[in-house]
Amino acid sequence: MVKATLGFDRPRRNACAPRKFWILVCGYSGLHKQTRTPYDGAMIRNANRINRIRERSQHERESLYAILDAGHKVGTLSTIADGKPWVVPMLYARDGDRLLLHGSVGSGALRLVEAGAPAALSVTHMDGWIFAHTMFNMSANYRSAVVHGTLENLKGEAAADALTKMVEGMTPGRPAEMPPHTKKHLVGTQAMALQIHDGQWTAKVRTGEPTQPEDGEDYDPNIWTGVVPIKAVFGEPVPAARHSSDVQLSPSIRALIEGYDVNA
């Protein structure tokens, strides 16, 4: 079991002096002990640069786009709302050098990002569990990307076009099978775009086998180590209860299922 522990030391004589704290976290680099002033700026380095194990960072836009275009187009949008973190999973689609998102016009947090609050969208694909010779070295194969910026609120035809492109990005060919957006649907939906700018994104990939034991390290050679791949697949489509038996599966959905690459 992986644990994260946060503790504060005893109060100092000077009650106005900042207290130190320690954090134990388990991640790709193992356990670390850090001493920092709580919530000072030094805790956050350049958010648009990979700071640990930099050889895993990806620097070409093609690599970033491959991560964003893979999988099921689900990301996590983060911002600050009323001074507190706001994080929500969202569907997205990439349209060239921008990401398209949507939500309800009733969402207060979305109104904040619409007004220019900084935001970040993160996407992660888990490709396999890494079982190593120690718990310290247990890890995962993954592909991840984070895009920072500000969201642009789209209106009118630009919003309708973006919503159509989102559906096309998630299921190619589906918009051509569907009726156009209604005025009611457009009024109730907030369409947004996050531009992908140079220097405002990071991408990181881990592949390969577990870390090997160091020379002279004591370990049990009878404990199995290796990689357990993780694959996402589509199941058999389940029709809506209102359908009669003669309603056939839409071509776009059939193409999505038959053409899906489980290794993407």
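The table for this structure:
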item: Options Asp161, Asp198; residue that is charged (D, E, K, R) and either within 18 Å of the chain's Cα centre (by Cα) or under 30 Å from Pro85 (Cβ atoms) (or both); result: Asp198
item: Any chance Arg143 is basic (Lys, Arg) and crowded, with 20+ Cβ neighbours inside 10 Å; result: yes
item: Qualifying residue in segment 145-163 (condition: within 22 Å of Asp97 (Cα to Cα), of a type in the set (Val, Ile, Thr) and in contact with a helix residue (DSSP H, G or I) (Cβ under 6 Å, 6 or more places away or on another chain)); result: no
item: Single residue of segment 101-117 satisfying the filter (farther than 24 Å from Phe234 by Cα and among the aliphatic types (A, V, I, L, M)) that is surrounded by the fewest Cβ atoms within 10 Å (Cβ to Cβ); result: Ala115
item: Members of segment 195-216 that are open to solvent by less than 60 Å² (accessible area, probe 1.4 Å) and over 26 Å from Val147 (Cβ atoms); result: Pro210, Pro213
item: Hits in segment 75-110 (condition: β-branched (Val, Ile, Thr) and under 20 Å from Lys155 (Cβ atoms)); result: Val105
item: Criterion: free of Cβ contacts under 8 Å to residues at least 60 places away in the same chain and on the phi < 0 side of the Ramachandran plot - qualifying residue of Leu151, Leu194, Leu110, Leu100; result: Leu151
item: Any hit, segment 155-176, residues being open to solvent by 100 Å² or more (accessible area, probe 1.4 Å) and either among the β-branched types (Val, Ile, Thr) or touching a strand residue (DSSP E or B) at 6+ places or on another chain (Cβ under 7 Å) (or both); result: no
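The values are calculated or read from the model by the stated rules, or taken from the named source; none is laboratory data. The shown structure was predicted, so the numbers you read here are calculated from the model rather than taken from an experiment. All Cβ positions, even for glycine, are placed from backbone atoms using ideal geometry, and neighbour counts span all protein chains on display. Surface areas here come from the heavy atoms of the whole protein model, side chains and all, with no ligands, DNA or RNA. Shrake-Rupley method; radii C 1.70, N 1.55, O 1.52, S 1.80 Å.
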